[in-house]
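Trainee: Starting off with a structure, shown below.
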Amino acid sequence: MAFMFRVRDFFRPREDIVREVGLREGFHVLDYGCGPGGYVKPVADLVGESGRIYALDISPLAIQTVKRIVVKNLMRNVETILSDCSTGLPDDSVDAVLLYDVFHNLTDPNGVLEELYRVLKPDGVLSFSDHHMKEDKIMLELTNKGLFALLKKGKRAYSFAKKQA
């Protein structure tokens, strides 16, 4: 699987996708369903040493792969989280959430969206992409519970804002 991601990343660099999110120096970013860590390095470059990256995945193998990337690149601003839903992060603590190509596979998508809503800052952004889903399904799934509203449709991902209660 990691080999397939490397091929994908050659043709569609992860940097191009995360630039759409508007990440800045010092941001705290949750990469939910991080897989083998394809976004960790590009995000780290954008948020810098003062930023923080939380790489969450359900797979221990994926978490081990991310840890190897972190060690290889001497990254001190990455924390891994092994979980299938709960992040363990404080309320309103994350500037951006990356939810890429994992939503279609979640066992509790509503529970995950509630958790992402909880940890996302009021002015934070949920960046969403899932090539297994059509646009109408994405809009329905992300907005039907009243947690998120579409901010913009980018070239490679959708940006959603946290709706205020």
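The values are calculated or read from the model by the stated rules, or taken from the named source; none is laboratory data. Since we're looking at a predicted model, the values are computed, not measured. Note: ideal-geometry Cβ built from the backbone for every residue, glycine included; neighbour counts use all protein chains shown.
Trainee: Being basic (Lys, Arg) and assigned to a loop (DSSP other than H, G, I, E, B) is the filter here, so list the residues in the stretch 59-90 that pass it.
Mentor: Once the filter is applied, which keeps residues that are basic (Lys, Arg) and assigned to a loop (DSSP other than H, G, I, E, B), the stretch 59-90 yields only 76.
Trainee: Tell me which of these residue 141 doesn't satisfy, since it passes every other one: (1) under 12 Å from the mean Cα position of the chain (by Cα); (2) among the acidic types (Asp, Glu); (3) over 27 Å from residue 65 (Cβ atoms).
Mentor: Going through the list (1) under 12 Å from the mean Cα position of the chain (by Cα); (2) among the acidic types (Asp, Glu); (3) over 27 Å from residue 65 (Cβ atoms), residue 141 breaks only (1).
Trainee: For residue 113, only one of the following conditions fails: (1) modelled with pLDDT of 95 or more; (2) assigned to a helix (DSSP H, G or I); (3) touching a helix residue (DSSP H, G or I) at 6+ places or on another chain (Cβ under 6 Å); (4) not acidic (Asp, Glu). What is its number?
Mentor: Tallying (1) modelled with pLDDT of 95 or more; (2) assigned to a helix (DSSP H, G or I); (3) touching a helix residue (DSSP H, G or I) at 6+ places or on another chain (Cβ under 6 Å); (4) not acidic (Asp, Glu), residue 113 fails exactly one: (3).
Trainee: Here is a follow-up. Out of curiosity, is residue 89 under 20 Å from residue 27 (Cα atoms), surrounded by 21 or more Cβ atoms within 10 Å (Cβ to Cβ), under 16 Å from the mean Cα position of the chain (by Cα) and modelled with pLDDT of 95 or more?
Mentor: So residue 89 does not fit the description; no.
Trainee: Within the stretch 125-137, how many residues are among the hydrophobic types (A, V, I, L, M, F, W, C) and either more than 17 Å from the chain's Cα centre (by Cα) or over 16 Å from residue 21 (Cβ atoms) (or both)?
Mentor: 1
Trainee: For the stretch 52-66, which positions are without any contact (Cβ under 8 Å) to a residue 40 or more places away in the chain and either within 27 Å of residue 161 (Cβ to Cβ) or over 17 Å from the mean Cα position of the chain (by Cα) (or both)?
Mentor: 52, 53, 55, 56, 57, 58, 60, 61, 64
Trainee: Looking only at the stretch 100-146, count how many residues are on the phi > 0 side of the Ramachandran plot and either hydrophobic (A, V, I, L, M, F, W, C) or surrounded by fewer than 13 Cβ atoms within 10 Å (Cβ to Cβ) (or both).
Mentor: 1
Trainee: Of these, 40, 21, 66, which one is under 17 Å from residue 121 (Cα atoms) and of a type in the set (A, V, I, L, M, F, W, C)?
Mentor: Being under 17 Å from residue 121 (Cα atoms) and of a type in the set (A, V, I, L, M, F, W, C) holds for just one of 40, 21, 66, which is 21.
Trainee: If you scan the stretch 118-150, which residues turn out to be at pLDDT below 95 and touching a Ser or Thr at 6+ places or on another chain (Cβ under 7 Å)?
Mentor: Answer for the stretch 118-150, where residues must be at pLDDT below 95 and touching a Ser or Thr at 6+ places or on another chain (Cβ under 7 Å): there is none.
Trainee: Then there is this: When the stretch 132-165 is examined, which residues are found to be touching a Phe, Trp or Tyr at 6+ places or on another chain (Cβ under 9 Å), part of a loop (DSSP other than H, G, I, E, B) and without any contact (Cβ under 8 Å) to a residue 60 or more places away in the chain?
Mentor: 132, 133, 145, 147, 163
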